[in-house]
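Every number here is computed from the coordinates shown, using simple stated rules; none is lab data. Fair warning: this is a prediction, and the values are worked out from it, not measured in the lab. Cβ coordinates were reconstructed from backbone atoms using ideal geometry, including for glycine residues, and neighbour counts include every protein chain displayed.
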Amino acid sequence: MVNLKLPKGRNSLVYANPLKRITAFLLDFLLLYFIVIDSFASYFVKIFPKESASFKMSYSYALMHQATMMHLYYAIIAMMAIIWFYFSFMQYKYSQTVGMMFFGLFVESTVSKELTFWQCAIRNIYLLPLFPIYLIWVISPIYYLFKGERMLEMLSKTKTTEVIKYGY
Amino acid sequence: MDTKRNKINMFHIVIFLLSLWLLSFLTASFFSMSDNDKNPYANVAIIKIYGDISTTGSDGYFDSGTSSNDIIHLLDEADKDSGIQAIVLDINSGGGSGVASEEIGQKLKSINKPKVAWIRDIGASGAYWIASDTDYIVASRLSLIGSIGVIGSYLEFSEFIDRYNITYRRLVAGKYKDMGSPFKEMTLDEEEIMHELLDELHGYFILEVAKNRNLSVDDVKKLATGEIFSGAKGKTLGLIDEVGGIEKVSEYLGKELNITVEYTVFEDEASFTDILRKLSSEHGFSMGKGIGSYLNNNQQLIKT
């Protein structure tokens, strides 16, 4: 028999497992809770008086204090903008966020060898709670059901991949 | 297509995450300090008079005084607001500019709604002048009030500069043009002029308090030594109306207007520089407080 001297093991880049992607995303959000969200938490708590313990009371309070609710909305936009920057920058610089590092997931460009910042910014834009961006939260899952890929990945010409080792 | 990837540098990632944290903290602090929504059901406005009182307000990032311009603007807002039936001045100030205090006092007199002064830690000198222009003064028994006097003291460096052979070259047109200059010794006639001026201002202060508090000028003169009084003593002297806190203010206004008092704070919307100033003064104060506390607790350590 001819010894073809094939390598014993191989790495293959495949589309990432959705479960791994979701877990990586949750891990990132856990990290972001301590770094970003916690800083805003005391402000969010301060907005509502202690008496508004139930959702109904908080909602009534919100209706009566529209200026305060606008402030709250702007604060949420600022917080999500920082989170969006985290995802965009990390994926642009290292092709992966901290959560993705745990699962060996990477962001790849489908059109060139180098990812641009704008590609990463667009693929994560759903994080910004602005109109019409938050319509993506409704459209994207429907698109995924029919096409099997994220709408924003299609628009940003990126994909999420993972390294599969076999033959080792 | 294999995307080109940068090597992971954990140090850079940590620095990036720390920067994100700092950015979040500053942004959240900004929002926390800029939010000042009014209570739509409020019928009594609270206007704060904290720190040094001046006509133009604080200059630096580490000051937190009160400007008479700002207070007059807020009083005007409260006066024009048809929902507001009374005004409470939340006072915690050792005084400041006589002109600023008088400006606020004059504005208070022009408002027909009931006005109450609620003195917290201190309501002295110019702050007391303002309080006396209200209809009712409430202070804690532990508050410091009074200091009905005028001060014009300053440090004179004339001997100091003589010691270092520095010459003060006096070039003036007008004999008293450099009166009060810290670089020359004050002459006897200059001191007399200054004292006359201070006495004149003192006189205005005494007359104002006597008129506002329905006291005789002679009685106020006896109190107007610049002495600080406790809130409890102030009541016996007629300088305040009631000893207590906000509940006494509510009680008075409730009886006077036959309402259930609902407060809202009237304050100017903080500009970006106001917020930066407040942030740096609060953090500076906290840092100093922490260092002071640490040094205090470790005094024994330092001595040995």
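With a cut-off of 18 Å on the backbone N, the residues of region A:74-99 near the modelled label site 7 Å out from A:Ser42 along Cα-Cβ are A:75-76, A:79.
Each Lys and Arg Cβ is given +1 and each Asp and Glu Cβ -1; about its Cα centre, chain B then shows a dipole of about 1100 debye. Using the Cβ-Cβ distance between B:Glu256 and A:Leu135 with R0 set to 60 Å, the FRET efficiency works out to roughly 0.65. Overall, region B:133-232 carries a charge dipole of about 260 debye about its Cα centre when +1 sits on the Cβ of Lys and Arg and -1 on the Cβ of Asp and Glu, all other atoms neutral. Extension gain for B:Glu185 to B:Ile246 (0.36 nm times residue separation, less C-alpha to C-alpha distance): 17.0 nm. In percent, rounded to a whole number, the relative contact order of chain B is 22, using alpha-carbon pairs under 8 Å and six or more apart. Bridgeable lysines around A:Lys93 (alpha carbons under 30 Å apart, same-chain partners fewer than 8 residues away excluded): A:Lys20, A:Lys113, A:Lys147, A:Lys157, A:Lys159, A:Lys165, B:Lys4, B:Lys7. Partners of B:Lys175 within straight-line reach, counting lysines whose Cα lies under 23 Å from its Cα and excluding those fewer than 8 residues away in the same chain: B:Lys184.
With all projection directions averaged, the alpha carbon convex hull of region B:26-178 covers 14.8 nm².
When the Gaussian network model of chain B links Cα atoms closer than 10 Å, the mean-square fluctuations of B:Phe11, B:Phe183, B:Phe157 top out at B:Phe11.
Where both bridge residues fall in region B:89-245, DSSP classifies roughly 20% of the beta bridges as antiparallel.
Membrane-span-like helices in chain B, defined purely by DSSP H runs whose alpha carbon atoms cover 27 Å or more axially and whose average Kyte-Doolittle hydropathy reaches -1.0, are B:10-34, B:188-212, B:272-297. Once the C-beta distance of B:Lys7 and B:Ser286 is scaled by a Förster radius of 41 Å, the resulting FRET efficiency is 0.50 to the nearest 0.05. Our summary gives region A:83-130 a relative contact order of 48 percent, counting only alpha carbon pairs under 8 angstrom and 6 or more residues apart.
Only DSSP H runs of four or more residues enter the estimate; each adds -39500 (n - 2.57), and after division by the residues of chain B the mean residue ellipticity at 222 nm equals -15000 deg cm²/dmol.
Overall dimensions of chain B, expressed as equivalent-ellipsoid semi-axes from the Cα gyration tensor (√(5λ), whole Å, largest first), are 41, 34, 20.
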